[in-house]
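Data block below; observations after.
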Amino acid sequence: MKILYIGDTVASAGRAIVKQYLKNLQEEFKIDLTILNCENAAAGFGVTPKIADELFDWGVDVLTSGNHIWDKKEILPYLTRHPRILRPANYPPDNPGRGLTIFKTRNGDEEVAVLNLQGRVFMVPIDDPFRTGDIELAKIPKHIKVIFVDMHAEATSEKVAMGWYLDGRVSAVIGSHTHVPTADETILPKGTAYLTDAGMTGPFDSILGVARNEVIERFLTQIPVRFESASQDARLNGVFIDVDSSTGKATKIERIQRK
Ligand SMILES: [Fe+2]
Ligand SMILES: [Fe+2]
(Lines give C-alpha, C1' and ligand atoms only; values in the text may rest on other atoms or scores of the structure.)
(Ligands and ions follow the chains in the order given, each with its own letter.)
Protein backbone atom coordinates (compact mmCIF):
# COMPACT_ATOMS: atom_id res chain seq x y z
CA MET A 1 0.00 0.00 0.00
CA LYS A 2 1.53 3.24 -1.15
CA ILE A 3 0.61 6.25 0.98
CA LEU A 4 1.09 9.96 0.27
CA TYR A 5 0.79 12.36 3.19
CA ILE A 6 0.72 16.11 2.52
CA GLY A 7 1.63 18.39 5.44
CA ASP A 8 -0.42 21.28 6.86
CA THR A 9 -1.84 22.95 3.76
CA VAL A 10 -1.98 26.70 4.27
CA ALA A 11 -4.40 29.05 2.52
CA SER A 12 -4.88 29.55 -1.21
CA ALA A 13 -1.13 29.31 -1.96
CA GLY A 14 -1.01 25.88 -0.33
CA ARG A 15 -4.17 24.69 -2.04
CA ALA A 16 -2.90 25.86 -5.43
CA ILE A 17 0.34 23.89 -5.16
CA VAL A 18 -1.60 20.80 -4.04
CA LYS A 19 -3.79 21.14 -7.13
CA GLN A 20 -0.73 21.61 -9.32
CA TYR A 21 1.19 18.53 -8.11
CA LEU A 22 -1.28 16.05 -6.61
CA LYS A 23 -2.12 14.02 -9.74
CA ASN A 24 1.56 13.89 -10.78
CA LEU A 25 2.65 12.67 -7.35
CA GLN A 26 -0.13 10.07 -7.24
CA GLU A 27 1.01 8.74 -10.63
CA GLU A 28 4.74 8.95 -9.94
CA PHE A 29 4.51 7.04 -6.65
CA LYS A 30 1.53 4.84 -7.69
CA ILE A 31 -0.36 6.08 -4.64
CA ASP A 32 -3.22 4.03 -3.16
CA LEU A 33 -4.07 6.36 -0.26
CA THR A 34 -3.71 10.16 -0.03
CA ILE A 35 -3.94 11.96 3.29
CA LEU A 36 -3.69 15.75 3.73
CA ASN A 37 -3.69 17.88 6.87
CA CYS A 38 -6.29 20.61 6.28
CA GLU A 39 -6.20 22.55 9.58
CA ASN A 40 -4.93 25.74 7.87
CA ALA A 41 -6.51 25.35 4.44
CA ALA A 42 -8.96 28.28 4.75
CA ALA A 43 -6.80 31.42 4.83
CA GLY A 44 -4.59 29.79 7.47
CA PHE A 45 -7.36 29.15 9.98
CA GLY A 46 -9.43 25.99 9.79
CA VAL A 47 -11.23 24.65 6.75
CA THR A 48 -14.66 25.26 5.23
CA PRO A 49 -17.01 22.60 3.80
CA LYS A 50 -16.41 24.04 0.30
CA ILE A 51 -12.64 23.73 0.59
CA ALA A 52 -12.89 20.24 2.12
CA ASP A 53 -15.13 19.13 -0.77
CA GLU A 54 -12.64 20.59 -3.24
CA LEU A 55 -9.71 18.72 -1.66
CA PHE A 56 -11.68 15.46 -1.77
CA ASP A 57 -12.57 16.15 -5.44
CA TRP A 58 -8.91 16.60 -6.32
CA GLY A 59 -8.19 13.08 -5.05
CA VAL A 60 -7.45 13.36 -1.34
CA ASP A 61 -8.92 10.36 0.53
CA VAL A 62 -8.66 11.57 4.14
CA LEU A 63 -8.34 15.03 5.66
CA THR A 64 -6.58 15.14 9.02
CA SER A 65 -6.33 18.27 11.14
CA GLY A 66 -5.33 19.71 14.50
CA ASN A 67 -5.93 22.62 16.86
CA HIS A 68 -7.07 24.97 14.06
CA ILE A 69 -9.91 22.68 12.94
CA TRP A 70 -12.31 24.57 15.24
CA ASP A 71 -11.59 28.02 13.71
CA LYS A 72 -14.34 27.96 11.05
CA LYS A 73 -17.67 27.26 12.74
CA GLU A 74 -19.32 26.15 9.48
CA ILE A 75 -17.12 23.04 9.47
CA LEU A 76 -18.64 21.65 12.71
CA PRO A 77 -21.71 19.91 11.18
CA TYR A 78 -19.49 18.71 8.30
CA LEU A 79 -17.15 17.05 10.84
CA THR A 80 -20.09 15.10 12.22
CA ARG A 81 -21.50 14.23 8.81
CA HIS A 82 -18.39 13.37 6.79
CA PRO A 83 -16.54 10.18 7.82
CA ARG A 84 -13.24 11.08 6.08
CA ILE A 85 -12.40 14.36 7.77
CA LEU A 86 -10.74 13.95 11.16
CA ARG A 87 -10.14 16.10 14.19
CA PRO A 88 -7.71 14.89 16.87
CA ALA A 89 -9.32 11.97 18.73
CA ASN A 90 -8.25 13.21 22.17
CA TYR A 91 -10.45 16.33 22.24
CA PRO A 92 -13.43 16.02 24.61
CA PRO A 93 -15.58 13.11 23.42
CA ASP A 94 -18.71 15.23 22.89
CA ASN A 95 -16.95 17.57 20.44
CA PRO A 96 -18.22 17.25 16.87
CA GLY A 97 -16.56 14.77 14.57
CA ARG A 98 -14.18 11.87 15.03
CA GLY A 99 -10.48 11.12 15.19
CA LEU A 100 -10.50 7.69 13.58
CA THR A 101 -11.76 6.55 10.19
CA ILE A 102 -11.76 3.07 8.68
CA PHE A 103 -12.60 2.56 5.00
CA LYS A 104 -11.73 0.79 1.77
CA THR A 105 -9.25 2.47 -0.57
CA ARG A 106 -10.29 3.78 -3.99
CA ASN A 107 -9.31 0.61 -5.79
CA GLY A 108 -11.76 -1.00 -3.41
CA ASP A 109 -10.10 -4.04 -1.95
CA GLU A 110 -7.94 -2.81 0.92
CA GLU A 111 -9.20 -1.61 4.28
CA VAL A 112 -7.15 1.02 6.07
CA ALA A 113 -7.43 3.02 9.28
CA VAL A 114 -6.34 6.64 9.77
CA LEU A 115 -6.04 8.08 13.28
CA ASN A 116 -5.46 11.73 14.24
CA LEU A 117 -4.00 12.59 17.66
CA GLN A 118 -2.78 15.86 19.18
CA GLY A 119 -0.02 16.55 21.69
CA ARG A 120 -0.44 18.48 24.94
CA VAL A 121 3.00 20.03 25.47
CA PHE A 122 2.71 23.80 24.74
CA MET A 123 -0.84 23.13 23.50
CA VAL A 124 -4.36 23.02 24.92
CA PRO A 125 -4.69 20.50 27.80
CA ILE A 126 -6.88 17.89 26.12
CA ASP A 127 -6.94 14.17 26.95
CA ASP A 128 -3.80 12.06 26.96
CA PRO A 129 -2.94 11.26 23.31
CA PHE A 130 -1.09 8.08 24.31
CA ARG A 131 -4.00 6.60 26.28
CA THR A 132 -6.49 7.84 23.65
CA GLY A 133 -4.31 6.24 21.00
CA ASP A 134 -4.58 2.89 22.80
CA ILE A 135 -8.37 3.24 23.07
CA GLU A 136 -8.81 4.17 19.41
CA LEU A 137 -6.45 1.45 18.13
CA ALA A 138 -8.46 -1.13 20.10
CA LYS A 139 -11.51 -0.18 17.97
CA ILE A 140 -9.78 -1.23 14.73
CA PRO A 141 -10.69 -4.77 13.63
CA LYS A 142 -7.68 -7.10 13.81
CA HIS A 143 -7.72 -7.94 10.08
CA ILE A 144 -6.93 -4.29 9.21
CA LYS A 145 -3.16 -4.03 9.06
CA VAL A 146 -2.51 -0.65 7.44
CA ILE A 147 -2.88 2.05 10.10
CA PHE A 148 -1.69 5.64 9.61
CA VAL A 149 -1.35 8.12 12.50
CA ASP A 150 -1.13 11.92 12.13
CA MET A 151 0.41 13.14 15.42
CA HIS A 152 -0.30 16.87 15.56
CA ALA A 153 2.01 18.38 18.16
CA GLU A 154 4.30 21.27 19.01
CA ALA A 155 6.99 19.44 21.00
CA THR A 156 9.37 17.22 19.05
CA SER A 157 9.85 15.04 22.16
CA GLU A 158 6.14 14.24 22.37
CA LYS A 159 6.06 13.23 18.70
CA VAL A 160 9.21 11.09 18.96
CA ALA A 161 7.74 9.45 22.07
CA MET A 162 4.52 8.66 20.19
CA GLY A 163 6.53 7.09 17.37
CA TRP A 164 8.31 4.74 19.77
CA TYR A 165 5.12 4.12 21.79
CA LEU A 166 3.25 2.96 18.68
CA ASP A 167 6.17 1.19 16.98
CA GLY A 168 4.99 -2.15 15.66
CA ARG A 169 1.33 -1.35 16.31
CA VAL A 170 0.77 1.07 13.41
CA SER A 171 2.25 1.47 9.92
CA ALA A 172 3.25 5.12 10.26
CA VAL A 173 3.39 7.98 12.75
CA ILE A 174 3.83 11.27 10.91
CA GLY A 175 3.98 14.59 12.73
CA SER A 176 2.24 17.83 11.79
CA HIS A 177 1.62 21.31 13.23
CA THR A 178 5.05 23.02 13.40
CA HIS A 179 5.03 23.82 9.65
CA VAL A 180 8.79 23.15 9.52
CA PRO A 181 9.83 19.85 7.91
CA THR A 182 12.25 17.67 9.83
CA ALA A 183 14.86 15.34 8.30
CA ASP A 184 14.58 12.40 10.72
CA GLU A 185 12.49 10.02 8.60
CA THR A 186 13.10 6.43 9.60
CA ILE A 187 11.54 3.02 9.96
CA LEU A 188 11.55 2.09 13.64
CA PRO A 189 12.72 -1.43 14.64
CA LYS A 190 9.23 -2.96 14.76
CA GLY A 191 8.19 -1.58 11.38
CA THR A 192 6.58 1.83 11.96
CA ALA A 193 7.55 4.59 9.53
CA TYR A 194 8.25 7.78 11.47
CA LEU A 195 8.83 11.48 10.73
CA THR A 196 8.66 14.23 13.38
CA ASP A 197 7.10 16.81 11.06
CA ALA A 198 6.18 16.65 7.40
CA GLY A 199 6.27 20.45 7.21
CA MET A 200 3.94 22.99 5.67
CA THR A 201 2.45 22.99 2.21
CA GLY A 202 2.11 26.70 1.66
CA PRO A 203 3.92 30.01 1.24
CA PHE A 204 7.50 29.84 2.57
CA ASP A 205 8.14 33.59 2.10
CA SER A 206 6.38 33.98 5.45
CA ILE A 207 6.58 33.04 9.11
CA LEU A 208 4.95 29.59 9.19
CA GLY A 209 2.54 30.73 6.46
CA VAL A 210 1.66 34.13 7.96
CA ALA A 211 2.78 37.45 6.43
CA ARG A 212 6.23 38.22 7.91
CA ASN A 213 5.68 41.83 9.03
CA GLU A 214 2.65 40.99 11.15
CA VAL A 215 4.41 38.28 13.10
CA ILE A 216 7.53 40.39 13.61
CA GLU A 217 5.36 43.28 14.79
CA ARG A 218 3.69 41.02 17.32
CA PHE A 219 7.05 39.83 18.65
CA LEU A 220 8.30 43.43 18.90
CA THR A 221 5.22 44.99 20.49
CA GLN A 222 3.42 42.08 22.19
CA ILE A 223 0.21 43.68 20.89
CA PRO A 224 -2.21 41.22 19.22
CA VAL A 225 -2.35 41.71 15.46
CA ARG A 226 -4.58 40.18 12.84
CA PHE A 227 -2.68 37.52 10.92
CA GLU A 228 -3.01 37.41 7.13
CA SER A 229 -1.70 34.48 5.14
CA ALA A 230 1.29 35.02 2.89
CA SER A 231 1.28 33.98 -0.77
CA GLN A 232 4.84 33.80 -2.15
CA ASP A 233 7.27 30.88 -2.55
CA ALA A 234 4.68 28.11 -2.30
CA ARG A 235 6.12 24.67 -1.57
CA LEU A 236 4.50 21.30 -1.11
CA ASN A 237 5.92 19.22 1.73
CA GLY A 238 4.90 15.67 2.32
CA VAL A 239 6.06 12.12 2.70
CA PHE A 240 5.74 8.87 0.78
CA ILE A 241 5.36 5.63 2.73
CA ASP A 242 5.25 2.11 1.33
CA VAL A 243 3.59 -0.45 3.58
CA ASP A 244 3.45 -4.23 3.25
CA SER A 245 -0.32 -4.68 3.29
CA SER A 246 -0.13 -8.23 4.64
CA THR A 247 1.78 -7.24 7.79
CA GLY A 248 1.10 -3.49 8.09
CA LYS A 249 4.82 -2.85 8.41
CA ALA A 250 6.47 -0.01 6.52
CA THR A 251 9.14 -0.87 3.98
CA LYS A 252 10.02 2.63 2.77
CA ILE A 253 9.70 6.27 3.83
CA GLU A 254 10.79 9.19 1.67
CA ARG A 255 10.28 12.92 2.15
CA ILE A 256 8.80 14.83 -0.77
CA GLN A 257 9.16 18.52 -1.59
CA ARG A 258 7.90 20.34 -4.67
CA LYS A 259 8.29 24.04 -5.46
FE1 LIG B 1 -0.82 23.87 10.99
FE1 LIG C 1 -1.75 23.00 14.42
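The values are calculated or read from the model by the stated rules, or taken from the named source; none is laboratory data. These numbers come from a predicted model, not from an experiment. Note: ideal-geometry Cβ built from the backbone for every residue, glycine included; neighbour counts use all protein chains shown. Heavy atoms of the whole protein, side chains included, go into the accessibility calculation; ligands, DNA and RNA do not. Shrake-Rupley method; radii C 1.70, N 1.55, O 1.52, S 1.80 Å.
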field: Gap separating the Cα centres of the range 175-208 and the range 103-118, nearest whole Å
entry: 21 Å
Long-range amide H partners of Ala155 with built H, under 5 Å: Val121
query: Say R0 is 25 Å: what FRET efficiency, to the nearest 0.05, do Thr182 and Glu54 get from their beta-carbon distance?
result: 0.30
message: Taking the full set of protein chains and a 1.4 angstrom probe, give the accessible area of Ser231 in square angstrom, rounded to the nearest 10.
response: 70 Å²
- prompt: Can you work out the FRET efficiency for the pair Asn95 and Arg226, with r the C-beta to C-beta distance and R0 = 30 Å, to the nearest 0.05?
  reply: 0.70
message: What is the percent carbon and sulfur in the accessible area of the chain, measuring with a 1.4 Å probe over the protein chains and ignoring ligands?
response: 53 percent
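Provide, as a two-decimal number, the C-alpha radius of gyration of the range 106-254 over 2.2 N^0.38 Å, N being how many residues it has.
So the Cα radius of gyration is 1.19 times the expected 2.2 N^0.38 Å.
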field: Hz values of 3J(HN,Hα) by residue in the range 74-85 - Karplus curve (6.51, -1.76, 1.60), Gly and Pro given as x
entry: 5, 7, 4, x, 5, 4, 6, 7, 9, x, 9, 10
- request: Would you check the accessible area of Arg235, probe 1.4 Å, heavy atoms only, in square angstrom rounded to 10?
  value: 50 Å²
- line: Ignoring ligands and nucleic acids, Ser229 exposes an accessible area, probe 1.4 Å, in Å² to the nearest 10, of 40 Å²
- request: Could you bin all the Cα-Cα distances of the chain into 5 Å bins starting at 0 and give me the percent of pairs in each, rounded to whole numbers?
  value: 1, 7, 14, 19, 21, 18, 12, 5, 2, 1, 0, 0
query: Considering only the range 67-194, what is the antiparallel percent among its DSSP beta bridges, to the nearest 5?
result: 30 percent
- prompt: Using a Gaussian network for the chain with springs between C-alpha atoms less than 10 Å apart, which of these wobbles most: His143, His177, His68?
  reply: His143
field: Extension gain from Lys190 to Glu74, taking 0.36 nm per residue of separation minus the Cα-Cα distance
entry: 37.6 nm
Crossing angle, helix 156-166 versus the chain [Cα axis fit, 0-90 degrees, rounded to tens]: 10 degrees
message: Which order do you get for Phe122, Phe29 if you rank them by accessible area with a 1.4 Å probe, largest at the top?
response: Phe122, Phe29
message: With angles folded into 0 to 90 degrees, how steeply does helix 49-58 sit against the dominant principal axis of the chain? Use alpha carbons for both and round to 10.
response: 50 degrees
query: Given a cut-off of under 8 Å on Cα pairs at least six residues apart, what relative contact order in percent is computed for the range 121-259?
result: 20 percent
- prompt: Considering only DSSP states other than H, G, I, E and B, which chymotrypsin sites (Phe, Trp or Tyr not before Pro) in the range 155-211 qualify as loop sites with at most 12 other Cβ atoms within 10 Å?
  reply: none
Surface per residue (accessible, 1.4 Å probe) for the chain, Å²: 43 Å²
- prompt: Near Gly66, within a Cβ-to-Cβ distance under 15 Å, what is the net charge of the other residues, with Lys and Arg +1 and Asp and Glu -1?
  reply: -3
- request: Within the range 75-151, list the GluC sites (Glu not before Pro) lying in a DSSP loop whose Cβ has at most 15 other Cβ atoms in a 10 Å radius.
  value: none
field: Förster radius 45 Å - calculated FRET efficiency between Asn213 and Asp109, Cβ distance, rounded to 0.05
entry: 0.30
task: Give me the angle, in degrees from 0 to 90, between the Cα long axis of helix 129-138 and the longest principal axis of the Cα atoms of the chain, rounded to the nearest 10.
output: 40 degrees
- request: Work out, step by step, the length gained on full extension between Leu137 and Ser157: first 0.36 nm times the residue separation, then minus their alpha carbon distance; give nm to one decimal.
  value: 5.0 nm
- line: The relative contact order of the chain, taking Cα pairs under 8 Å that sit 6 or more residues apart, comes to a percentage of 20 percent
